[in-house]
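Take a look at the structure below.
The values are calculated or read from the model by the stated rules, or taken from the named source; none is laboratory data. All of these numbers come straight from a predicted model, not from anything done at the bench. Glycine gets a Cβ as well: all are built from the backbone with ideal geometry, and neighbour counts include every protein chain shown.
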Amino acid sequence: MECCSDFVCMEEIIGRCDKTYMPYRVFFVSKPSRSTCPTCENKWFTFNGSCYLIQLNLTTFYEAVNICYSHGASLVHVDDKAENDFIKALLRNAVYQDYWIGMTENRHIWRYYDTKKTVTFYDWEQGEPDHRNENEHCAIFGNTINYHWADVVCDSHRMFVCEKSISVDVNLCVAGRDKTSTAFWPRLLSVK
Ligand SMILES: [Ca+2]
């Protein structure tokens, strides 16, 4: 279950979001799973505040960037081990191929392509990045290396994953998604 961005997930099983209103403390409880708050669109996977779309077309790095952009998303960022594990699990269940990661290298420093921020988490395959011929400025999850990372030529063709934040209309969230089903409307459990 995903709570709205400014809500805190209290209980995954029953689907409870909590928000502290000053001076009131209000709990909203609604139907477990998808209807509690908006989650990702159809075909997008949800994880920790982001939505992920696996793209099964083979494109260059820059084509992949543009296609993600057209979806209001970025080529995937991998911020930590948990996110890396999540994405690798997705890829193992997708097509057996390499997938772009949204970062590029310059003078052996890796930065996210869109934000230009230095990358802090890596999952390189042993011996990677090898900067072969000083011509490998992009990175992939490699299918032959159990989806560890490798640097490759940006003009090569790979599949890719787009990522965007879950965008939330808080009013929609409070009202619940199933507006026609009053049984699942949020209930005010306690005020003050
Ligand atoms: Ca390499």
message = I need a count of the residues in region 131-158 that are more than 9 Å from the ligand (Cβ to nearest atom) and acidic (Asp, Glu).
response = 2
ask   = Does ASP79 fit the bill of being within 22 Å of THR46 (Cβ to Cβ) and touching a residue at least 24 places away in the same chain (Cβ under 8 Å)?
value = yes
query = Does any residue in region 141-167 that is assigned to a helix (DSSP H, G or I) come within less than 7 Å, Cβ to Cβ, of a residue that is polar (S, T, N, Q) six or more places away or on a different chain, and which pairs are these?
reply = ASN143/GLN97
Check on ILE101, away from the ligand (no atom under 16 Å from the Cβ) and of a type in the set (A, V, I, L, M) = no
inquiry  = Restricting to region 144-169, and then to whatever is closer than 22 Å to CYS51 by Cα and touching a Phe, Trp or Tyr at 6+ places or on another chain (Cβ under 6 Å), can you tell me which residue is surrounded by the most Cβ atoms within 10 Å (Cβ to Cβ)?
reply    = PHE160
request  = Identify, by number, the condition in (1) surrounded by fewer than 18 Cβ atoms within 10 Å (Cβ to Cβ); (2) over 20 Å from the mean Cα position of the chain (by Cα); (3) at pLDDT below 95 that VAL29 doesn't meet.
outcome  = (1)
ask   = Which one of these does LEU90 not meet: (1) of a type in the set (A, V, I, L, M); (2) crowded, with 20+ Cβ neighbours inside 10 Å; (3) in contact (Cβ under 8 Å) with a residue 60 or more places away in the chain?
value = (2)
